[in-house]
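Reading through the structure tokens given below for one structure.
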Amino acid sequence: MLRILIFEEMESFIKQQPIIFKILCDSISTGVLIIDQKERIKASNPMGAELFGYTHQEIRGSSVETLFIKDQHIEFSELFSNIFAHQTDHVNPPLQLEGKARNGQIIPIEIRLSSFMAEKEKFILMILADISIYKKQEEEILQLNRHLGELVDSRTQKLSELIEELKDEIIKRKEAESKIKIALEKERELNDLKTKFLSLVSHEFKTPLSVILSSATLAEKYKTTDEQDKREKHLRNIRVKVKALNTILNDFLSIERLHAGTNTYQMDYFPLSRVINNVVYDANMLSKTGQKISYPENLTNEFMIFYDEKILELSLANLINNSIKYSPKYGQINIFVSLEKEYIAIQVKDQGIGIPKSEQKHIFDPYFRAHNALLENGTGIGLNIVKGHLEKLNSQLSFESEEGKGSTFSIRIPINKL
Ligand code: ADP
């Protein structure tokens, strides 16, 4: 109400004092154009013409469309007829257009349109504001946003590259860790081995070495020719003990090579009888009083076998030596050879102390010894080595045993590999 009153007062004041209207129009920094129904510029304030680089006299009478670059979406004639159709106090929402200045410069302009009546004719009042600064700022903000977006993108890219590098690093570290673990494990095994070797040397070497020493001392005493028998007995003792020591050392070296997988095997044809004869010959030197070793003496030299001869000899020697060791004096030891359809079986059977049932599952573990075997010298590595070698050559080692009754160890060599 108050607003209407002020305007009414101003209107009557302006009607009485037209100079006031001119001052008002001339001094404002917003352009004002009055447009008739034929879209021609009827009047303008100075700013309305200056915006486009003209004087208001120059633009009077020209079509308003010439001041703007044609917009794809805004059709002046449509716009004006729309406004003329409205009540005179209707104000259109502001529009942004591109003004075309006299020097060809393009100026972003915001226009507001409304219609009014004067002397029974309808006119359009066009208020123009140069929004170059606003547009420039808007563009700057857009550019800043774009730059920010690029920055975020490049940082994200760098971050994901960093994450990938970290992942690689983690994998490398894990690999290094597991290598270190393996190396440590090997180191620990080596230390274990050293400890075992030292205890082995101190326990297992003492007795044979003292036997060797006393036999050598005694052999020295028999000087005459008729004492040759006695001398030979002591020399044989020395040979047997040296052989036993040699076996222990070989076993020890062999277990290391076997577990490191550095063994190579030499497969060839050889008569089985040769191996059995050699092993039995050596075993007889170790056997206790009255022990008897029987073996298939009818095996001819024609019975050839394709295998690693040394490994078979080592395996049989181990089994027979155990039978001797863990059987009493006068015990019987039997070696059987049988040719089955798919394999050759060699068995070593004794009637010795046997292996307690509860300990049988550990019998092939390295360094394991059953409690009833501890009175005899031993290292607990022989069976582990034999089994390891045989399995590498596609063969098997098994046993049956009863405590106090005896044991039978069997080797199976597949025929298709022969
Ligand atoms: P070692 O005889 O040096 O102890 P082995 O590896 O040859 O080592 O044998 C492991 C263990 O198996 C022996 O300590 C013993 O307890 C048991 N064993 C092996 N052969 C026999 C056997 N013929 N009779 C009784 N026990 C045996």
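The values are calculated or read from the model by the stated rules, or taken from the named source; none is laboratory data. Note that the structure is a prediction, hence the values are computed from the model and not measured. Positions of Cβ are generated from backbone atoms using ideal geometry, with glycine treated the same way; all protein chains shown enter the neighbour counts. What goes into the accessible areas is simple: the full protein's heavy atoms, side chains included, and nothing from ligands, DNA or RNA. Shrake-Rupley method; radii C 1.70, N 1.55, O 1.52, S 1.80 Å.
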Query raised in the report: Across region 203-272, how many lysine pairs separated by 8 or more positions, or lying on different chains, have Cα atoms within less than 22 Å?
Result: 11
Report task. Excluding residues fewer than 8 places away in the same chain, name every one of the aspartates and glutamates whose C-alpha is closer than 12 Å to that of K310. Result -> D268
Query raised in the report: Tell me, how many Å apart are the Cα centres for region 111-135 and for region 295-374?
Result: 119 Å
Query raised in the report: What part of the accessible area of region 108-249, given as a whole %, is carbon or sulfur when the probe is 1.4 angstrom?
Result: 60 percent
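Can you bin region 34-120 into rounded, prolate or oblate? Criterion: square roots of the alpha carbon gyration tensor eigenvalues sorted a ≥ b ≥ c, rounded for a/c under 1.5, prolate for a/b above b/c, oblate for the rest. Intermediate results must be reported in sequence, preceding the final value.
Numbers: a/c = 1.95, a/b = 1.32, b/c = 1.48.
Cα axes put region 34-120 in the oblate bin.
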Query raised in the report: So which lysines can K361 reach, going by Cα to Cα under 17 Å and dropping same-chain residues fewer than 8 places off?
Result: K387
Requested in this report: Find the accessible area per residue for the chain; the probe is 1.4 Å, ligands and nucleic acids are left out, and the unit is Å².
Outcome: 65 Å²
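Once Rh is set to the Kirkwood radius over Cα pairs, what Stokes-Einstein translational diffusion coefficient, in µm²/s, holds for the chain at a temperature of 37 °C and a viscosity of 0.692 mPa s? Working shown, then result.
Working: Rh = 32.4 Å.
Approximately 101 µm²/s, per Stokes-Einstein.
Short version: what are the Cα gyration tensor semi-axes of region 56-212, square root of 5 times each eigenvalue, largest first, in whole Å? Kindly include the intermediate steps, with their values, before the conclusion.
Details: eigenvalues 1902, 46, 18 Å².
Ellipsoid semi-axes (Å, largest first): 98, 15, 10.
Going highest first, how would you order 183-194, 103-114 by mean Cβ packing within 10 Å?
Peptide ranking by packing, descending: 103-114, 183-194.
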